[in-house]
């Protein structure tokens, strides 16, 4: 997702940095040593370069950026607890942290002159006249980088996924067909639908339209609802047990004795006067 965010155009007008990088320099984390990232770099013509294991000085620029983020951003946040100090309870949600970091990058880091170049990063990017190389389409980039893919079938009411319904007029011609969906776990309002590895459409969930709801938010809401229902069921069971349990000192009525069966009906024989 980080590479997807870095390559494609940003929604903020002031965030103009985008494009396919010529080199991807990374460490030996499992996400970067996978066959998937190798295939992505080959398709996008990115040269994949790994740093030397156990040599952090080979990643000096990245480590310096992390130190800048730690000193100029994280240190001013509520709940910040540096190493060696007492633990502080968290004070920000993930969404609030993401918003704060976005504002730091756009309003602070990109506008502050860099110690090596003497220019703010945003001004240096804009002054060079550089035209970044972009993928052919967002759908092509999604097919390469959105690793969360699930097989689904198109129904009369659309595509069902995580108890949600996703619809699009294009799906009407594919009812009963098997498709593959790809989605961003941070935003479940829409999914990308592929048929035989070709992009088909973007299906939208009407319940989440206009909102940004992550998969974690959906799971969290469902778990909260399950806990609420379990509490209601437990309370009602307790109430039923109280009603059915007789008070102390009150004898429960004995079951009535079953009625004696009627005497057998002996068949009467016709008297024959000739013999009697």
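The values are calculated or read from the model by the stated rules, or taken from the named source; none is laboratory data. Remember, it's a predicted structure, so these values are computed and weren't measured experimentally. Neighbour counts are summed over all protein chains in view; Cβ atoms, including those assigned to glycine, are modelled from backbone coordinates with ideal geometry.
Inspect the stretch 167-178 for any residue being in contact with a helix residue (DSSP H, G or I) (Cβ under 6 Å, 6 or more places away or on another chain) and part of a strand (DSSP E or B) and give the result as yes or no.
No: zero hits.
Which of the numbered conditions does residue 8 fail, given that it passes all the others? Conditions: (1) surrounded by 12 or more Cβ atoms within 10 Å (Cβ to Cβ); (2) over 30 Å from residue 127 (Cβ atoms); (3) touching a residue at least 24 places away in the same chain (Cβ under 8 Å). Looking at each condition in turn, residue 8 falls short on (2). Which residues, taken from the stretch 170-192, are touching a residue at least 12 places away in the same chain (Cβ under 8 Å), loosely packed, with under 15 Cβ neighbours inside 10 Å and over 14 Å from the mean Cα position of the chain (by Cα)? The answer is 170, 175, 176, 177, 178. Looking across 195, 155, one residue alone is surrounded by 12 or more Cβ atoms within 10 Å (Cβ to Cβ), free of Cβ contacts under 8 Å to residues at least 24 places away in the same chain and touching a strand residue (DSSP E or B) at 6+ places or on another chain (Cβ under 6 Å). It is 195. Against the list (1) modelled with pLDDT of 80 or more; (2) surrounded by 12 or more Cβ atoms within 10 Å (Cβ to Cβ), the condition residue 215 fails is (1).
As for the stretch 103-124, it holds no residue that is loosely packed, with under 14 Cβ neighbours inside 10 Å, out of contact with any strand residue (DSSP E or B) (no Cβ under 8 Å at 6 or more places or on another chain), in contact (Cβ under 8 Å) with a residue 60 or more places away in the chain and within 24 Å of residue 46 (Cβ to Cβ). Scanning the stretch 66-96 for residues that are touching a helix residue (DSSP H, G or I) at 6+ places or on another chain (Cβ under 6 Å) and without any contact (Cβ under 8 Å) to a residue 12 or more places away in the chain yields one hit, 80.
Helices (runs of 4 or more DSSP H) fully within the stretch 1-78 that include at least 3 residues being closer than 27 Å to residue 104 by Cα and over 25 Å from the mean Cα position of the chain (by Cα): 60-72. Entry remark, the stretch 17-62: residues being modelled with pLDDT of 85 or more, in contact with a helix residue (DSSP H, G or I) (Cβ under 9 Å, 6 or more places away or on another chain) and loosely packed, with under 14 Cβ neighbours inside 10 Å number 1 in total.
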